1. Against the conditions (1) under 25 Å from SER237 (Cβ atoms); (2) not in a helix (DSSP H, G or I), where does LYS105 fall short? Just the number, please.
2. Can you pull out the helices (runs of 4 or more DSSP H) entirely within segment 166-276 that have at least 2 residues that are within 28 Å of ILE27 (Cα to Cα) and in contact with a helix residue (DSSP H, G or I) (Cβ under 8 Å, 6 or more places away or on another chain)?
3. For the subset of segment 75-126 comprising residues that are out of contact with any strand residue (DSSP E or B) (no Cβ under 9 Å at 6 or more places or on another chain) and of a type in the set (S, T, N, Q), which member is modelled with the lowest pLDDT?
4. Kindly list, by first and then second residue, each pair from a residue in segment 248-267 that is touching a residue at least 60 places away in the same chain (Cβ under 8 Å) to a residue that is of a type in the set (Gly, Ala, Ser), limited to pairs with Cβ atoms under 7 Å and residues at least 6 apart or on different chains.
5. Mind listing whichever residues of segment 186-203 are surrounded by fewer than 20 Cβ atoms within 10 Å (Cβ to Cβ) and touching a Lys or Arg at 6+ places or on another chain (Cβ under 7 Å)?
6. What tally of residues in segment 204-216 results from selecting those that are over 19 Å from CYS152 (Cα atoms) and buried (at least 18 other Cβ atoms within 10 Å of the Cβ)?
7. Give me the residue from segment 217-252 that is exposed (fewer than 14 other Cβ atoms within 10 Å of the Cβ) and at pLDDT 90 or above and, out of that set, nearest to VAL179 (Cα to Cα).
8. I'd like to verify a number: residues in segment 52-97 that are of a type in the set (Val, Ile, Thr) and in contact (Cβ under 8 Å) with a residue 12 or more places away in the chain, how many?
Amino acid sequence: MKSIDKGEYRSKMRKGVSFYFGFDNNIEERVKMIKDAGFDSVMTNADKKFNHQNGTIKKQCKLFKKYGLKLSSLHFQYENKNLHYFWESGEFGEKLKKNLIKDIKIAKKYGFSCFVVHLKGEYSKIGEKRLNEVLEVCSKLNVMLAIENIDCQSVFLETFKNIKHDMLKFCYDSGHNNVFDKDFDYLELFKDKLITLHLHDNNGKIDQHTLNKFGSINWDDIAKKLAKCNNVLDVISLDYEVLCKSGELIDCQECLLEIKKQADELEEKIINYSSK
């Protein structure tokens, strides 16, 4: 990787946050607070079961545009218990495929270029065929499909081993890596596929989606690895998928400022390592 001049990229990495991060305040007020805290982008979920806390995806995107927040990634609508059907024959697997395509079309409609998916179950040729069909839709709509590392490493690895497609990308989740397979280096092995991030911390035992000061992740190590990823300074947004818990912080604004501080510190580390 070529040496990067620090000044050239200082404060130019986009920084984002999940639209819901633990506070059920007025959604327009929340959008404004995200912008005022210094974030550039936002990631969200179109699932109707979250409408009570986020509003409809249409309303969210209208507000994001109003306050000048860029769209980072949109998350797949799913029930964890049903994900295994994608790899199995039958109507339930077909329904999952159709729902996935429907969500990709929603992403395209509202301007998201990246769509994040969880894969769980046992890899099969049936699921491989379905995923390739989904990826062809991604190609037509120019929406990248990012597979997130979760608590099912085998299907993640099999997917990237068997499917070679330009629209198949990687979403790195720092918290999941710290809990489920701490010694596995996703960022090194899939750096050429990295397109989006879910950054959060935990105690190494359970998936807490907490702030750095309450967690155990070595963020200096994360920065070193991110600095080696292709186009990280130009393309990747430092997106935080934090879920603040009651009692950890006083209010919404304090939470946002703490997340932004973490993002700034991580950016500084990445720039420093990119320059070496």
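The values are calculated or read from the model by the stated rules, or taken from the named source; none is laboratory data. What you see is a predicted model, and the numbers here were worked out from it, not measured in a lab. Neighbour counts run over all protein chains shown; Cβ positions are idealised from the backbone, glycine included.
1. The single condition LYS105 does not satisfy is (2).
2. Qualifying helices (runs of 4 or more DSSP H): 252-274.
3. ASN80
4. CYS255/GLY22; LEU256/ALA37; LEU257/ALA37; LYS260/ALA37; LYS260/GLY38; LEU266/ALA223
5. GLU188, LYS191, LYS193
6. 4
7. Filtering first and then ranking leaves ASN218.
8. Result for segment 52-97: 1.
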